[in-house]
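Chemist: Structure incoming, see below.
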């Protein structure tokens with residue numbers, strides 16, 4: 001998944017909807033990124049105004065994977081927000097849970113993101129300290145400080 005995302009970013013493409021449901025596994029056990037419906041090629045700058053994307057899509061389906069800066073009125077969707085979402089996909093892979101699984105309503109997730117909260121580490125998961133640290137780096141508040 002990381003290699004695929006790196007390839008997209010090298011080609012100046014922001015995926016815009018990276019989540020577990022958009023990762024397919026081939027017959028050979030390789031992960032492949034899918035659903036490029038919100039992907040956009042970046043031409044003049046490395047940002048994409050969220051207003052050019054379908055905001056209703058995020059509210060309905062991808063809020064749990066959406067970087068906090070994308071929730072702002074003039075929020076931007078960038079390579080950095082894809083990295084945030086990558087951390088959320090890692091969370092799914094290593095815990096078997098969606099980010100903010102403890103909050104069934106999307107509005108609760110939005111409130112917690114606006115308060116600066118990030119997904120919590122489940123006690124009973126196969127998540128080791130190193131991987132948890134990588135996820136924490138992907139979820140840094142400042143987009144420019146993400147890996």
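Chemist: Within segment 130-147, how many residues are in contact (Cβ under 8 Å) with a residue 40 or more places away in the chain, in a loop (DSSP other than H, G, I, E, B) and either closer than 17 Å to residue 113 by Cα or in contact with a strand residue (DSSP E or B) (Cβ under 7 Å, 6 or more places away or on another chain) (or both)?
Modeler: Result for segment 130-147: 3.
Chemist: Please determine, by comparing only the residues of segment 98-129 that are touching a residue at least 12 places away in the same chain (Cβ under 8 Å) and in a helix (DSSP H, G or I), which one is nearest to residue 6 (Cα to Cα).
Modeler: Taking the candidates together, the pick is 113.
Chemist: May I pose another question? Hand me the list of strands (runs of 3 or more DSSP E) wholly inside segment 1-95 holding 2 or more residues that are modelled with pLDDT under 95. Quick ask: steps written out before the conclusion?
Modeler: Values: elements: 23-25, 31-33, 47-49, 76-78.
By residue number, 47-49, 76-78.
Chemist: Tell me, please, whether a residue that is in contact with a strand residue (DSSP E or B) (Cβ under 8 Å, 6 or more places away or on another chain) and modelled with pLDDT of 90 or more can be found in segment 97-112.
Modeler: Looking for residues that are in contact with a strand residue (DSSP E or B) (Cβ under 8 Å, 6 or more places away or on another chain) and modelled with pLDDT of 90 or more, one finds none in segment 97-112, hence no.
The values are calculated or read from the model by the stated rules, or taken from the named source; none is laboratory data. Source: prediction; values computed, not measured. Ideal geometry is used to build each Cβ from the backbone, glycine not excepted, and the neighbour counts take in all protein chains shown.
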